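Below you'll find the structure, written out as structure tokens, and then a few comments.
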Amino acid sequence: MFFDSVQVDDCNPNFVKAYFSNPILCNSILANGLQFAVNGPSVVSIVSASGDNTCGPWGYTSWILFQLSAFINTAGNYTLAARNLGFPVADTCNAPQRTSDAISFYTAGKLSANFNSLVNWGCGMDTIILSHPGGNGANSWLWSFSDGSTASGQTVTHIVPVTTASIDVQLILSNGTCSDTASQSLTLGNYFKAGFINNTPPDTLCINAPISFTDTSQGNFIADYLWDFGDLTQFAGQVPPPHAYAASGNYTVKLIVTDIYGCTDTASKNIHVAPPVSIDFTGLKPQYCTGNPVLLTRRISRNMISYIWDNGDGKTFTNEVDVQFSYANEGVYTITLSGVDRYCGTATASKTVPVFAVPIVKLPPDTVLCRNEQILIGVAPIVNHTYIWSTGATTPQILTNIFTRDYTLTADNNGCRGTDAIHVKVLPACLIKVPNAFTPNRDGLNDRLKAVNADLAKNFSLKVFNRLGQLVFSTNDPPEGWDGNFKGHPAETATYVWILSYTDPWNGKAVKEKGTSIMLR
């Protein structure tokens with residue numbers, strides 16, 4: 001009796017099923033399989049032997065199933081051979097199997113699709129290198145990628161953008177008989193992007209004002225940060241200190257980032273640095289007098305958005321280029337112009353100015369004096385005021401002269417002047433009388449009939465009557481006189497009667513007189 005045929009898995013068997021030329025007695029089969037051995041490229045042992053389902057102590061089977069201790073993973077030719085242990089299997093006629101009996105079988109061996117992967121990191125594209133070690137007759141490699149592409153070959157290269165976070169790879173391996181599949185998920189994610197923000201928006205700031213920048217770069221493999229502030233200064237590191245610009249102008253701030261693979265990316269932002277705030281005003285004089293106009297003009301930097309004047313005396317003006325005001329009282333005032341710059345905040349310009357009061361000079365009304373009579377005229381003295389009379393005197397009060405003249409007094413307070421004048425008429429005689437004739441011919445001599453030296457008379461009355469007793473003229477004003485006209489026409493040349501009454505200004509006595517005067521033409 002001998003082997004007839006053998007049945008085995010083509011790829012990686014863990015059993016061998018042997019058919020015999022004659023039916024075999026079931027009770028001649030050792031269950032541990034020691035009656036047989038498997039020999040070949042890899043070491044494997046038989047751990048059990050059994051017949052078909054009908055095999056019993058006195059039954060028979062046409063085949064024996066040998067269970068192996070492990071899968072045969074190594075391809076090659078193997079032999080199932082009977083061992084000479086002294087108790088071989090026998091057929092139904094008790095004929096033993098030949099001890100030299102053997103039968104050969106071939107297995108392709110187990111395939112493993114496990115593969116190797118290597119990523120060559122790039123700045124724009126990553127290169128993936130995939131390879132399989134081969135073996136066991138492998139002759140077909142089909143690669144599939146999660147981006148939809150495929151490739152074939154034992155070693156392949158696949159290129160993907162660095163923006164690809166990950167990619168799945170599958171390999172189907174075959175040797176024409178057996179096949180296997182393996183997959184890997186490759187994490188990439190070496191994409192990075194430089195970026196930053198400034199923490200003091202907007203993108204315009206004042207000269208010497210600190211500005212802070214915050215890195216917003218994206219990526220997991222950034223190794224170096226270099227800040228270029230555009231003013232010939234740099235900082236290496238992710239978190240730069242606040243930066244201030246010493247000069248106004250436009251600056252380009254750059255952040256240059258470098259990843260661990262030597263790739264770089266740059267982000268930039270334009271920063272405008274405004275000039276320092278400037279605020280001032282012109283037109284202020286060294287001093288002013290009360291009531292005099294103060295005219296001022298502002299001088300401000302172009303980024304000033306609002307400003308307000310304060311004259312120090314309760315008056316304010318908002319956003320006015322030119323302002324005009326005056327001071328009612330003497331004092332030292334502080335004028336302030338305050339403004340708000342769009343980028344540089346607030347600024348103030350202040351100047352003080354003295355204001356002096358205009359002296360009040362009030363002389364008595366024009367007056368009339370008798371010959372050789374004098375009066376004291378002037379004002380009460382004030383400290384720090386100086387005085388000058390038209391006579392040349394420099395005292396605040398003087399005595400009048402004994403002749404008719406005008407007097408002008410000017411008081412000075414640090415250049416602020418007040419002036420008043422008085423006319424003093426000195427009569428050649430203080431006897432009040434009416435001339436006995438007058439000539440109304442407009443020659444400037446004795447043209448009117450009036451009381452002479454009556455300037456100071458009180459309760460004055462002068463009435464003139466014609467020869468018919470008609471009242472042709474009447475006045476209560478001592479300087480006024482009759483011009484010789486009656487009802488709008490020249491009166492006739494004749495003698496006229498006058499009645500004069502007054503209170504004597506020197507002795508206070510009432511005086512009443514009557515007389516005649518001739519009008520001559």
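The values are calculated or read from the model by the stated rules, or taken from the named source; none is laboratory data. Keep in mind it's a predicted model, so treat the numbers as computed, not measured. For neighbour counting, all protein chains shown are included, and Cβ atoms are generated from backbone atoms with ideal geometry for every residue, glycine included. Ligands, DNA and RNA are stripped out before the accessible areas are found, and what is left, the full protein with its side chains, is counted by its heavy atoms. Shrake-Rupley method; radii C 1.70, N 1.55, O 1.52, S 1.80 Å.
For this structure, a couple of remarks:
- Filtering the stretch 87-145 to residues that are hydrophobic (A, V, I, L, M, F, W, C), more than 30 Å from Thr61 (Cα to Cα) and part of a loop (DSSP other than H, G, I, E, B) leaves Leu111, Ala113, Phe115, Trp121, Cys123, Ala138.
- Condition check for His423 on (1) loosely packed, with under 15 Cβ neighbours inside 10 Å; (2) out of contact with any strand residue (DSSP E or B) (no Cβ under 6 Å at 6 or more places or on another chain): one failure, at (2).
- The set of residues in the stretch 474-505 that are touching a strand residue (DSSP E or B) at 6+ places or on another chain (Cβ under 8 Å), within 15 Å of Asn441 (Cβ to Cβ) and outside any loop (DSSP other than H, G, I, E, B) contains only Trp482.
- Members of the stretch 137-195 found to be polar (S, T, N, Q), closer than 29 Å to Ala267 by Cα and surrounded by 16 or more Cβ atoms within 10 Å (Cβ to Cβ), listed by number: Thr164, Asn190
- Residue in the stretch 93-136 that is least open to solvent (accessible area, probe 1.4 Å), counting only those that are charged (D, E, K, R) and under 30 Å from Cys11 (Cα atoms): Asp101
- The stretch 155-199, subset among the hydroxyl-bearing types (Ser, Thr, Tyr) and not in a strand (DSSP E or B), residue farthest from Val239 (Cα to Cα): Thr177
- The stretch 252-308, subset among the hydroxyl-bearing types (Ser, Thr, Tyr) and buried (at least 19 other Cβ atoms within 10 Å of the Cβ), residue farthest from Asn329 (Cα to Cα): Tyr307
- Residue list for the stretch 400-418, restricted to those being within 14 Å of Gln374 (Cα to Cα) and in contact (Cβ under 8 Å) with a residue 24 or more places away in the chain: Thr400, Asn401, Ile402, Tyr407
- Residue identified as of a type outside the set (A, V, I, L, M, F, W, C) and loosely packed, with under 13 Cβ neighbours inside 10 Å among Asn73, Asn27, Asn77: Asn77
- Residue satisfying condition, being free of Cβ contacts under 8 Å to residues at least 60 places away in the same chain, over 30 Å from Thr107 (Cα atoms), touching a Pro at 6+ places or on another chain (Cβ under 9 Å) and among the hydrophobic types (A, V, I, L, M, F, W, C), within set Phe145, Phe229: Phe229
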